[in-house]
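The structure appears right after this line, and notes come after that.
The values are calculated or read from the model by the stated rules, or taken from the named source; none is laboratory data. Note that the structure is predicted; figures quoted are calculated from it, not measured. Using ideal geometry, Cβ is built from the backbone for each residue, glycine included, and neighbour counts are taken over all protein chains shown. Surface areas here come from the heavy atoms of the whole protein model, side chains and all, with no ligands, DNA or RNA. Shrake-Rupley method; radii C 1.70, N 1.55, O 1.52, S 1.80 Å.
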Amino acid sequence: MNITARRELICTGCGCCSSICLTGAISMHQDVFGFPRPLVDKNSCIDCGLCIKYCPQLYVPSKAKTGFQRIDYYGWSQNEKNHFAGTSGGIFPEMASHHLATDGIVFGAIWSNDFEDVYICSSVKGDLSKMLKSKYVFSDAIASYKNVVSYLLEGRRVLYCGAPCQIGALLRIIDKEGVPTDNLITCDFVCGGFPSKKFWHEHLRTLKEKYGIIDSIDFRSKRKGWKHAFLEIKFRNGRQLFKRSFMDSYYNCYSDMHISVQQSCNVCKYRKRHLSDITIADFWEYKKAGISLNNKGLSLIFMNTEKGRDFLRGVPNLALHEIEEKFVQYVFKEIESPKERLDCQREFFNRANVIGFEKAASEVAKTSWPSRIMIHIRKLIKSTHKLGRVKNFL
């Protein structure tokens, strides 16, 4: 049996099976909905079973045996340049800058030159800017796994940042190869899932036809601060696109409505269980913790291992403040109404495959201020009803 027998419900496209295959029989191909899935060449497959044995979605090791109690912090970079360059508090820019300055290797997500794809690649000194900021597009990590193994075998120190499932894949590959991990620091983030590459390519084509060749994309521009998500795209002809996230069809379908995300991400085993040394996230619920807004960005930082704690303590220019666990639980909460979300996703994907992404998005994505105001009113009414039911129960 090979990985294709189990791929539909659990596959996130991490590419571990392709990287670990002894005969090169497994390659990743985009399915009809725009997600990378393993395809097995039956003539090359020897039924060794490694792809199933080491799949990070089929095997999720427990971290309880480490005995380390996770430490939760909020904070930001005290280096103004790095603070502004990061998606939220500038924690990753600070970690990466320090690691590169001490002759380490950093892996992170980088755009392709045409902005069609995102790859996890290594960076050298002076070339860090390309892997900063969130990129809400599927990132291909396959080549990076073997590169990390090579660097570790050379005795180099590696800082690797990727999605939780990609960290799981990297650790499974390293385990299979029997490589020591003393020189490896892993960092992941609170993940909203991977959106369809097919949808991104359709949306990108629309942008290019309307505005021209793209020069840069920033899904989390801080031109007006961090509190609200702004999309900023610059074009080579000098034109610029700057708008709230919900006013862009691709951004809205992914970040706000969650209907363009692959369905396996809804049940991903790494939503609550992070195998990384460090996990970072936006600290959106700072008000509930009684913390004042820093409009350049606030981060949550979870030290998941002793190694992660020691690494962060050695990074200069970080303002870290320990915070009670009750104020960070929102980032680990389960999906509300998972069946309802799944049904909406299926309906949207099927519709988009018939009429195209942009037309399907225009039917469901509310990308205007009046529609957003109505959504906000409905949320307030829903919250009021919930509060009323609680009071009646009490």
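Within the bounds of the range 106-118, is there any residue that is under 22 Å from PHE283 (Cβ atoms) and out of contact with any Pro (no Cβ under 8 Å at 6 or more places or on another chain)?
Yes: one or more hits.
Can you tell me which residue in the range 128-174 is farthest from GLY89 (Cα to Cα), limited to those that are part of a helix (DSSP H, G or I) and of a type in the set (Phe, Trp, Tyr)?
TYR151
Please determine, by comparing only the residues of the range 205-253 that are among the polar types (S, T, N, Q) and not in a loop (DSSP other than H, G, I, E, B), which one is surrounded by the fewest Cβ atoms within 10 Å (Cβ to Cβ).
Among them, the one singled out is GLN240.
List every residue pair whose Cβ atoms lie under 6 Å apart, where the two residues are 6 or more positions apart in sequence or sit on different chains, the first residue falls within the range 321-347 and is part of a helix (DSSP H, G or I), and the second residue, located anywhere, is of a type outside the set (S, T, N, Q) and open to solvent by 100 Å² or more (accessible area, probe 1.4 Å).
Correct list of pairs: PHE332/LYS272.
Looking at the range 173-190, is at least one residue under 24 Å from CYS51 (Cα atoms) and of a type in the set (S, T, N, Q)?
Yes, that holds for at least one residue.
Within the range 299-314, does at least one residue satisfy the condition of being closer than 25 Å to SER216 by Cβ, assigned to a helix (DSSP H, G or I) and of a type in the set (Ser, Thr, Tyr)?
no
Do we have ARG313 as in contact (Cβ under 8 Å) with a residue 60 or more places away in the chain and out of contact with any helix residue (DSSP H, G or I) (no Cβ under 9 Å at 6 or more places or on another chain) here?
no
Which condition from (1) acidic (Asp, Glu); (2) within 22 Å of THR279 (Cβ to Cβ); (3) free of Cβ contacts under 8 Å to residues at least 40 places away in the same chain is the one that ASP140 breaks?
It fails just one condition, (3).
When you check GLU285 against the structure, is it surrounded by fewer than 17 Cβ atoms within 10 Å (Cβ to Cβ), of a type outside the set (A, V, I, L, M, F, W, C), under 11 Å from ASP72 (Cβ atoms) and touching a residue at least 40 places away in the same chain (Cβ under 8 Å), yes or no?
So GLU285 fails the test.
Which one of the conditions (1) modelled with pLDDT of 90 or more; (2) part of a helix (DSSP H, G or I) does PRO370 fail to meet, given that it meets all the rest?
Every condition holds for PRO370 apart from (1).
In the range 291-313, how many are open to solvent by 70 Å² or more (accessible area, probe 1.4 Å) and either within 21 Å of the chain's Cα centre (by Cα) or more than 20 Å from PHE92 (Cβ to Cβ) (or both)?
The total comes to 4.
Please specify each residue of the range 129-185 satisfying the condition of being in contact with a helix residue (DSSP H, G or I) (Cβ under 8 Å, 6 or more places away or on another chain), open to solvent by less than 40 Å² (accessible area, probe 1.4 Å), closer than 30 Å to ASN266 by Cβ and of a type in the set (Val, Ile, Thr).
Within the range 129-185, VAL137, VAL148, ILE173, ILE174, ILE185 qualify.
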